[in-house]
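J.: Pasting a structure here, questions to come.
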Amino acid sequence: QVQLVQSGGGLVQPGGSLRLSCAASRSVNNIVAMGWYRQAAGKQRELVARITSLSNTNYADSVKGRFTISRDNAENTVYLQMNSLKAEDTAVYYCNVVCGWPRPGDYWGQGTQVTVSS
C-alpha cells in the first residue's frame, strides 16, 4: 500500500519560513522522483519543485532561490524548505511520488494548506 503523509503547513507572515515534509510508507520501492505541487484558488496545479533518484532538482521560476527540496532516501521522505514566503505562495501544497518498475505509479499526498498573510 502506497501512503504519503504530509505535514508542516500553516499560516505564516510574509517573509517567514515554513518546512513541509512528506513521508512515503517504507515499503515503497523504486522511487524515481519526488516533488511538490501547489494549487491556488482558481488556478491550475503547478509544479513547485522536483528531485529525482539521482538527486537532480528543478524548481518553478517563481520559487527559485527561495525554496529548497531535499530527500532522505532511507526514510522515503521528501522536504520542502520555504523561505522568504510571499502572499503569492498561498496554496494547497501536494506531495507527489513517482515509482517505476515493477509497480509504476503516480501517487499523491493529502495536501496541506499554506497561507502567507499579514
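The values are calculated or read from the model by the stated rules, or taken from the named source; none is laboratory data. For clarity, every value in this text was computed on a predicted model and none was experimentally measured. Here the Cβ positions follow ideal geometry from the backbone for every residue, glycine too, while neighbour counts run over all protein chains shown. Quick note on the areas: whole protein, heavy atoms, side chains included, nothing else; ligands and nucleic acids left out. Shrake-Rupley method; radii C 1.70, N 1.55, O 1.52, S 1.80 Å.
J.: Among the residues that make up segment 67-83, is at least one of them crowded, with 16+ Cβ neighbours inside 10 Å and assigned to a loop (DSSP other than H, G, I, E, B)?
T.: Yes: one or more hits.
J.: Which number in (1) in contact with a Gly (Cβ under 8 Å, 6 or more places away or on another chain); (2) open to solvent by 30 Å² or more (accessible area, probe 1.4 Å); (3) in a strand (DSSP E or B) marks the one condition that residue 2 misses?
T.: Single failed check for residue 2: (3).
J.: Let me ask you something else. Can you say whether residue 93 is out of contact with any helix residue (DSSP H, G or I) (no Cβ under 7 Å at 6 or more places or on another chain) and open to solvent by 40 Å² or more (accessible area, probe 1.4 Å), as far as the supplied structure shows?
T.: It is false that residue 93 is out of contact with any helix residue (DSSP H, G or I) (no Cβ under 7 Å at 6 or more places or on another chain) and open to solvent by 40 Å² or more (accessible area, probe 1.4 Å).
J.: Of the residues 35, 9, which single one is touching a residue at least 40 places away in the same chain (Cβ under 8 Å), closer than 21 Å to residue 117 by Cα and among the small types (Gly, Ala, Ser)?
T.: Only one candidate qualifies: 9.
J.: Which residue pairs have Cβ atoms under 8 Å apart, sit 6 or more places apart or on different chains, and have a first residue in segment 74-92 that is modelled with pLDDT under 95 and a second that is assigned to a loop (DSSP other than H, G, I, E, B)?
T.: 75/26; 76/25; 76/26; 76/28
J.: Name every residue in segment 13-50 that is over 14 Å from residue 94 (Cβ atoms) and basic (Lys, Arg), in order of residue number.
T.: 19, 26, listed by residue number.
J.: Here are some residues: 55, 25. Which one is on the phi > 0 side of the Ramachandran plot and open to solvent by 10 Å² or more (accessible area, probe 1.4 Å)?
T.: The conditions single out 55.
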